[in-house]
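Everything on this sheet refers to the single structure shown next.
The values are calculated or read from the model by the stated rules, or taken from the named source; none is laboratory data. Because the structure is predicted, anything quoted here is derived from the model rather than measured. What goes into the accessible areas is simple: the full protein's heavy atoms, side chains included, and nothing from ligands, DNA or RNA. Shrake-Rupley method; radii C 1.70, N 1.55, O 1.52, S 1.80 Å.
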Amino acid sequence: MTHWTLYGVPGWGSTIAAGALAWVGEPVEFVDVKGFDHPGPARERLDKVNPLARVPTLVAPDGTIFTESAAIILSLGDRHPASGLVPAADDPRRAAFLNRLMWLVSVVYPTFTYRDYPERWAPLAAGQLRDRVDAFRQSLWRGFDADLAAGDWVLPGDAPTALDLYVGVMTHWRPGRDWFARETPALLAIAERTQALPALAPIFAKNFQSGADS
Ligand SMILES: N[C@@H](CCC(=O)N[C@@H](CS)C(=O)NCC(=O)O)C(=O)O
């Protein structure tokens, strides 16, 4: 096998992996597992590769299975050090990159796990869980926006990194583009710059046709 295989759903977290693969120029076969979050054929298909049943799930040409977006980003960065996806070890932006990447996947991302399926976690208080997690996530995005230095990208300097890709994708999710435009305009401007990058524009166009936002 010479290509990567990405299991995902248009507009979901697999878009981060699809964007990173396009950024570094790796060929990929996309397997659409829409509906995997409920019992059925898509779930059975994904379970065979990733029993955690999450997207992105990415299978490397050597058969290695990635089930975490940050691992995908860092691994593609290792394979393509000149791509700019991940700042190199001696880049002064490296520490801030790692810190923000870990924050995105360990603090922001789980809010979707709990908010999108509140009945799994709090069947007797699903509405309350939804409201609290929505408010928490909004506070996270506001804090991120307030921390941004003036500039075109999340990190200082002229070049985008994978952090901009996360922002580009995640600002399509709740609380939605209108909220980001109103409350965190600097983040939204980064998202718009990112989705106009020539390597990424086709990925964003494919994943966020109307109705793909979650
Ligand atoms: N930590 C994982 C999170 C992946 C994740 O939660 N993906 C969501 C879709 S965007 C998912 O698969 N949700 C289904 C579920 O929680 O059942 C990552 O960074 O890749």
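Every helix of 4 or more DSSP H residues in the chain counts as -39500 (n - 2.57), and over all residues that averages to -15000 deg cm²/dmol at 222 nm. Using the 1.4 Å probe convention, the accessible area of the chain works out to 48 Å² per residue with neighbouring protein chains retained. For the range 132-211, the normalised intensity computed at q = 0.16, 0.22 Å⁻¹ comes to -0.58, -1.04 (log10 of I(q)/I(0), Debye sum over alpha carbons, equal scatterers, no solvent).
What fraction of the DSSP beta bridges in the range 4-83 is antiparallel, stated in percent and rounded to the nearest 5? Numbers along the way, then the final one.
Numbers: 5 of 10 bridges.
Just about 50 percent of them are antiparallel.
Spread over its residues, the convex hull of the C-alpha atoms of the chain is 121 Å³ per residue.
Take Asp90: with every protein chain present and a 1.4 Å probe, its accessible area is about 140 Å².
Distance from the Cα centroid of the range 64-134 to that of the range 165-204 is 16 Å (rounded to whole angstrom). Heavy-atom accessible area, probed at 1.4 angstrom with all protein chains present, ranks Met102, Met170 as Met102, Met170, highest first. Within the assembled protein chains, the solvent-accessible surface assigned to Val28 is about 70 Å², based on a 1.4 Å probe. For Glu29, the accessible area of its heavy atoms, probed at 1.4 Å with every protein chain present, is near 90 square angstrom.
Going from most exposed to least, what order do Asp47, Asp32, Asp62, Asp164 have by accessible area with a 1.4 Å probe? Working shown, then result.
Values: Asp47 55, Asp32 75, Asp62 110, Asp164 0 Å².
Output order, biggest surface exposure first: Asp62, Asp32, Asp47, Asp164.
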